[in-house]
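Let me begin by presenting the structure, written as structure tokens, before commenting on it.
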Amino acid sequence: MGRGRPGAVQGTGGSSAVSKCSAAAQGYIQDRFLRLLAGRRRRRRAPLIHRGYYIRARAIDHCVQDFLLKTQSLPRTQILSLGAGFDSLYFRLKDMGLLHHTVIYEVDFPNVACQKATLIKGMKELSALVGDTGEEGLGAITFSGEDYKLLGVDLSELSELERILEEAGLNNEIPTLFIAEVVLTYMENPRSDALIQWAAEHFPQACFLVYEQVHPEDPFGHVMQQHFSQLNTALHSLAQYPDCEAQQRRFLGKGWTECSVMDMNEFFTCCIPEDEQQRVQTLEPFDEYEEWHLKCSHYFVLAASKGMEPSWTPLLPSMTVPHHAGPVGMAGSVPAAVCARLSGIPGLKRYGHHCVLIKPNVILTTGGFGEEDGQHCRMRNFHVLSKQAGYWEAVCVTQNIPDKRWGERLYHTVSCLSETLALVVGGRTSPSSAGLGMLWLKFPKTSNASGPDDVAVEFVSLQPAAEAALLRWRHSTTEITFKGEQYLFVYGGRSALEPVLGDWYFLHAPELSCTVIAVEGLVPESRHSHSACSWKGGVLIAGGLGAAEQPLGSVFFLQELEHGFQWQMIETHPPLVPRYSHTAHVHEGKLLLVGGVWFHASSVPGVTVIDLMTGLCLDYVINVEHLEWPLMLHNHSSIFLPDEKELLVIGGGGNCFSFGTHLNPEPVLLSLSSILISH
């Protein structure tokens, strides 16, 4: 067997060409040849897909151009692109005038190579660049120009590959760059290993560039693997080479003397100049940060070399970036279990929603994106969970809402001011629209123990300036007290105009007048998708996504003073691993952070406990052995149940790049009794 099932593997190449073409059309990639090679297969993809293909193209280009630059003084070099598909690399480099003394060889399945050869011959713009020799392709050599050879051969047939390359004029004695862009993983490991070793043994001066998937065992990795299995294109490399370190050892053990590797979060941060990062981040309205960072932590770029003078090191960081250490080690584990009786309840599979305790044992869930009647949609219905005789039960609640759009919101907050009144602040429909205004949720006074049967929804009108300022999402709204009066503290978030906010507002409850209260001390960095908890009359802010879309590891306490408030930074040790899209709770002087996204792909965030007196910071892994599905702990909501020392996690998940939407199918209980032992 070769690279998976040939037809299915070729399908991934076609899909990839369409995605790259769409990214180019939106300005992510400068490449006029993609549309010519994609043929009629054109579709506009989502911004998340554009970013994913941008980083892929950027990583390959970065390394290829570095190879050409380092070897420009040599008389001759060559590039061998394995599984090249409908890639435009040759035409792009030729057009840029970078191929003075370099021949490019492309190899793919015979029928792909034939299709591409026909395309090139039939299109003036392409054939003029190659300088078509006019010769018909001979056998496996489907196209032969002076500096471009297109070969149809199965990569897994190594002796056949070697014979045809020799016939096409490949020279073992000159510096050679091998490129495998999501190719090796489709081959069975003994065959891809043999190819890596063959390249090292037969080429004294060689470089090898790889881009493919990594980290199969975490929740995102499970969804990714399942997607490729369903396409009949299983990812063979992952079981034997599950992380970047294993891939590095693979090359060093097969004849390559130098090898560096980065996941794509590291590549984006370290190897792409800041102005280019900003350009890409502002090309389209975008709000899928979690899925973008998870996608980037599940792909890597690897550069191996041997015999190169000077040595080939394209993955050296071009700028000094603060290095955030990953978790020092896990202090223990927290067991996760599904809630009895809540399995299969419609309306609880959602993300970007908000859950709030409206009275003991009664939880209201509003908004978000999820699944209703088998369809993915913005969630309009409210749901109430109530605990009866020791079991949680769920009911869908009717709401009287003046305008349905105001009910369909994501990344809002809900604050309960009494058992009959809650306030919804902010949220959005789509990331290109302005944030949404505030709503009152009114519950009947006579509602039974299982919670309200219906909710009255009313618009809140504020002074125009305050109303405009509060049109935001991914912010926090926290109850605080000042001089014995109750206030809501709205902090951070983002808006349609500002990708990250660092301002705040004090709303005096219940009439919601915007009040100016003096605040002193070191102001926290702007952030969204952070956590905020009431504590000692003030508020604790932790983590979040800051400017330049970088996770933050800072914790701040806004403390009440006689004449106002003061920001104080809480030092944690070891330092808190930067994260965002987590939830948080305070219990007996301890801050609990639940889930989220961080850049350390070796593990996913579980529960972190910060002692607010000493700053001691301990990470606990979540034991998911009793769950039959991947637990994605971002864009979730959680409720802390102090009597049981349990956390009820509701919803969570997101669009896993092009691998499909994953929604946690049912609420999960995390038992914290072993880590919250009172001293």
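The values are calculated or read from the model by the stated rules, or taken from the named source; none is laboratory data. What you see is a predicted model, and the numbers here were worked out from it, not measured in a lab. Here the Cβ is made from the backbone with ideal geometry for all residues, glycine too, and neighbour counts use every protein chain on show. The protein model used for the area step is the full one, side chains on, heavy atoms only, and it has no ligands, DNA or RNA in it. Shrake-Rupley method; radii C 1.70, N 1.55, O 1.52, S 1.80 Å.
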I'd like the FRET efficiency for M96 and V519, computed as 1/(1 + (r/R0)^6) with the beta carbon distance as r and R0 of 60 Å, rounded to 0.05. 0.70
Between Q568 and E467, with labels modelled 7 Å along Cα→Cβ, what's the label distance in nm to one decimal, could you check? 3.9 nm
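For the stretch 224-370, report the translational diffusion coefficient in µm²/s to the nearest whole number, using Stokes-Einstein at 10 °C, 1.306 mPa s, and a Kirkwood Rh over Cα pairs. Let's see the in-between values first.
Values: Rh = 20.2 Å.
Rounded to a whole number, D works out at 78 µm²/s.
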Beta carbons within 10 angstrom, averaged per residue: use that to sort the peptides 521-527, 178-184, highest first. 178-184, 521-527
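Placing unit charges on C-beta atoms (Lys and Arg positive, Asp and Glu negative, everything else neutral), compute the dipole magnitude of the stretch 70-162 about its Cα centre in debye, rounded to 20.
400 debye
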Separation between the N111 and K442 pseudo-spin-labels, each 7 Å from Cα along Cα→Cβ, expressed in nm? 6.7 nm
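So what is the diffusion coefficient of the stretch 43-144 in µm² per second by Stokes-Einstein at 4 °C and 1.567 mPa s, using a Kirkwood Rh over Cα pairs?
85 µm²/s
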Checking rank on 541-554, 478-491, with mean other Cβ inside 10 Å and highest first, the result is 541-554, 478-491
Once the whole set of protein chains is in place, how much accessible area is left on E245, using a 1.4 Å probe, in Å² to the nearest 10? 100 Å²
DSSP-defined antiparallel bridges as percent of all bridges, the chain, nearest 5: 75 percent
Please state, as a whole number in µm²/s, the translational diffusion coefficient that the Stokes-Einstein equation yields for the stretch 87-220 at 20 °C and 1.002 mPa s, with Rh defined as the Kirkwood radius across alpha carbon pairs. 133 µm²/s
In this model, which of K359/K536; K295/K387; K442/K536; K295/K645; K387/K590; K20/K121 are farther than 31 Å apart at the alpha-carbon? K295/K387; K295/K645
Carbon/sulfur fraction of accessible area - the chain, other protein chains in place, 1.4 Å, %: 52 percent
Stretch gain in nm, segment E498-S311, where the contour uses 0.36 nm per residue and the Cα spacing is subtracted: 63.0 nm
Compute the label zone of E479 within the stretch 343-373: residues whose backbone N is under 11 Å from the point 7 Å along Cα-to-Cβ. 357-360
Cβ-based charge dipole, the chain, positive-most Cα from G437, C244, S144: G437
Residue-ordered couplings for the stretch 82-89, obtained by feeding phi - 60° into the Karplus form 6.51 cos²θ - 1.76 cosθ + 1.60 and rounding to whole Hz (Gly and Pro as x), are 8, x, 5, x, 9, 5, 9, 3
Please work out how much accessible surface I272 shows to a 1.4 Å probe, ignoring ligands, DNA and RNA, in Å² rounded to 10. 0 Å²
Can you give the extra length, in nm with one decimal, that the chain gains between A128 and S603 once fully stretched, where that is 0.36 nm per residue apart less the Cα-Cα distance? 166.0 nm
So for the chain, averaging the separation of alpha carbon pairs under 8 Å that are six or more residues apart and normalising by length, what relative contact order in percent results? 10 percent
Explain nothing, just the number: dipole magnitude of the chain about its Cα centre with +1 on each Lys and Arg Cβ and -1 on each Asp and Glu Cβ, in debye rounded to the nearest 20. 1300 debye
For the stretch 67-117, run through the trypsin sites (Lys or Arg not before Pro) and keep only the ones in DSSP coil with at most 16 other Cβ atoms within 10 Å of their Cβ. R76
For a quick size check, give me the Cα extents of the chain along its three principal axes, largest first, whole Å. 86, 49, 47
Label points 7 Å out from Cα along the Cβ direction at Q278 and A25: separation in nm? 2.9 nm
Reach of K254 by Cα under 19 Å, taken over lysines that are not fewer than 8 positions away in the same chain: K306
Placing +1 on the Cβ of each Lys and Arg and -1 on the Cβ of each Asp and Glu in the chain, which of G615, W473, L99 has its Cα farthest towards the positive end of the resulting dipole? W473
Per the helix-only model, the chain has a calculated mean residue ellipticity at 222 nm (DSSP H runs of ≥4, -39500 (n - 2.57) each, divided over all residues, rounded to the nearest 500) of -7000 deg cm²/dmol
What does the accessible area per residue of the chain come to in Å², with a 1.4 Å probe and no ligands, DNA or RNA counted? 39 Å²
On full extension of the chain, what length is gained from N361 through D373, given 0.36 nm per residue of separation minus the C-alpha to C-alpha distance? 1.6 nm
